[in-house]
Amino acid sequence: MRPASGSAPPPRVALTVDAEHPDGSRCRAGNDERILDALGEAGVRATFFLQGRWVTAHPQLARAVAAQGHLIGNHSHHHVRMPLLSAAGLRADVLAAQGAIQEVVGVDPRPLFRTPFGTGRDDPAFDRSLARLGYRNVLWDVDGADWEADRGVGAVLERLVAGCLGGSGVRIALVHSWPDQTAAALPMMLDRLRRAGTEFVTVDRLAPDLPGPAAGTGPAAPSARCSS
Ligand SMILES: [Zn+2]
């Protein structure tokens, strides 16, 4: 759907998924697959930030993310508050996740990094530490708060839709791979955003100065295909 000449541009949304070990009680098995299926059925390419330990625990799922053509970033290995680590500890954690992603998925996640819990936001020293490892910290504009155990499907859905449609420019929306609320809300969210004319993009389109793979390189390389 394209707006008529002269009208407001369509909403643009970069949907990002933090794929990680669950951090809550409302997380039935299989939510990761439901989220992947919803994206596939809607034809939406998202950006997945993979936790290294999650990748080693769920190699087939991690490979399926890349095989479906989603963009891959690094979400640390142990999912700790990164600015609390020593320089050597930070480097070891980031490189451990990078190694797991490269070995299991066959994709280099650089330059995309998302810091756990949003820690290090507006911290130039943290940004410099990441830059030395070849990374940029990718934060978000819209948070469905899907990680809160007592937040229902409807509340998550409304927060996400309102946040994605309520601002100007590209909105970076954050969801997680494990909550029940996300698996239930995502198909409805994607449908409503589509009907509002939303254009979905991946985060590499947002910052032209990001180094790394050229935009539009498309689905994952053959080495990243799911093996079964
Ligand atoms: Zn996380």
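Under the criterion of Cα pairs below 8 Å and six or more residues apart, the relative contact order for the range 1-132 equals 23 percent. The HN-Hα couplings worked out from phi for the range 164-176 by the Karplus form 6.51 cos²θ - 1.76 cosθ + 1.60 (θ = phi - 60°) are 5, 9, x, x, 10, x, 7, 9, 9, 9, 10, 9, 10 Hz, whole numbers, x standing for Gly and Pro. State log₁₀ I(q)/I(0) for the range 12-206 at q = 0.16 Å⁻¹ as given by the Debye formula over alpha-carbon point scatterers of equal weight, solvent excluded. Computed log10 I(q)/I(0) values: -0.99.
Axis angle, to the nearest 10 degrees, between helix 31-42 and the longest C-alpha principal axis of the chain: 50 degrees.
Note: relative contact order over the chain, using C-alpha pairs below 8 Å and six or more positions apart, is 32 percent. Restricting the range 108-153 to trypsin sites (Lys or Arg not before Pro) that sit in a DSSP loop and have at most 15 other Cβ atoms within 10 Å of their own Cβ leaves 121.
Model label points for residue 196 and residue 41, set 7 angstrom from Cα along the Cα-to-Cβ axis, are 2.1 nm apart.
Ranked by the mean number of other Cβ atoms within 10 Å of their residues, highest first, the peptides 33-42, 49-58 come out as 49-58, 33-42.
Any read-out appearing in this document is the output of simple, stated calculations on the displayed coordinates, not a laboratory observation. Since the structure is predicted, the reported quantities are computational estimates derived from the model, not experimental observations. Heads up, the Cβs are rebuilt from the backbone with ideal geometry, glycines too, and the neighbour counts pull from every protein chain shown.
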